[in-house]
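Please read the structure below before turning to the comments.
What follows is calculated from the coordinates using simple rules that are stated; it is not laboratory data. Predicted model, so just to flag it, every value in this text is computed and none were measured. Because the Cβ atoms are built from the backbone with ideal geometry, glycine has one as well, and the counts that use them run over all protein chains shown.
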Ligand code: C5P
């Protein structure tokens, strides 16, 4: 597997071509940004913390029937992924009112959403990611009604799985953002799921365990990210959530190590390297 030229640079990740057809390398950089890039810094190890959290979560989701772009880790911050044609939607699932929900609507912070609320924004920095609705998504030809229904269903399934995974570590999943892309006719979960893209609260202390620590100068961001990665990946992971159809299905391995070991890796030459 050879890394080739740079394909795309985002605010915190770079994407490279490879010599393998349909496979790309995502490099998680140490850049951190907030407020549409208005605040930015470089924080040592940030890329590897987010890469490790994302890799663990993608593998957990795959084991539970969610199609993701994850293939394998090539090092602490380099992830081999399936090449996708990204759909420019930011799909945000909210379990609890916080952040822009509280800024833009008359919700009190901490209000529980049951069922969870899905908000979909148009991914376009120059327009400040405006919120869309189903009609706009279809009119803009970003997704067909059928695809949109599938995306929402998958987003809720991912939410249920993540709530369970994190609750087992004493962490409340307040909200998170995901992105999807197409490979042929199949829609896969792409991008990342990390402390940058989830809002996490400690169940006991209610302290922020995510990018809000950086956004609002709440403390040592990297110490927080490091602790969260350890909590997510090093301890027991919960058993598979019951499927929506009620059918019994294979359980995810009980421990993080077993989860990593059990994932089928298409490229055998480069095993997951530990930081
Ligand atoms: O700011 P807001 O409350 O709308 O963010 C909701 C969730 O989506 C948060 O977890 C935030 O970190 C994430 N998000 C993101 N990327 C964006 C916007 C929001 O990861 N561009």
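Just a few scattered comments:
- Efficiency of FRET between residue 140 and residue 20 - r from beta-carbon atoms, R0 45 angstrom, step 0.05: 0.90
- Its DSSP H runs of at least 4 residues, each contributing -39,500 (n - 2.57), put the calculated 222 nm mean residue ellipticity of the chain at -8500 deg cm²/dmol, to the nearest 500.
- Judged by the ratio a/c of the largest to the smallest principal axis of the C-alpha gyration tensor, segment 44-113 counts as prolate, that ratio being 1.5 or greater while a/b is larger than b/c.
- Contact order relative to length of the chain, as percent, for alpha carbon pairs under 8 angstrom and 6 or more apart: 19
- Contact order relative to length of segment 3-84, as percent, for alpha carbon pairs under 8 angstrom and 6 or more apart: 25
- Overall form of segment 3-84 per C-alpha gyration tensor (a/c, 1.5; a/b vs b/c): oblate
- The gain in end-to-end length when the residue 183 to residue 34 segment is fully stretched comes to 50.6 nm, 0.36 nm per residue minus the alpha carbon separation.
- Taking a ≥ b ≥ c as the square roots of the eigenvalues of the alpha carbon gyration tensor, the chain is rounded, as a/c is under 1.5.
- Whole-Å distance, taken between Cα centres, linking segment 6-31 and segment 89-151: 26
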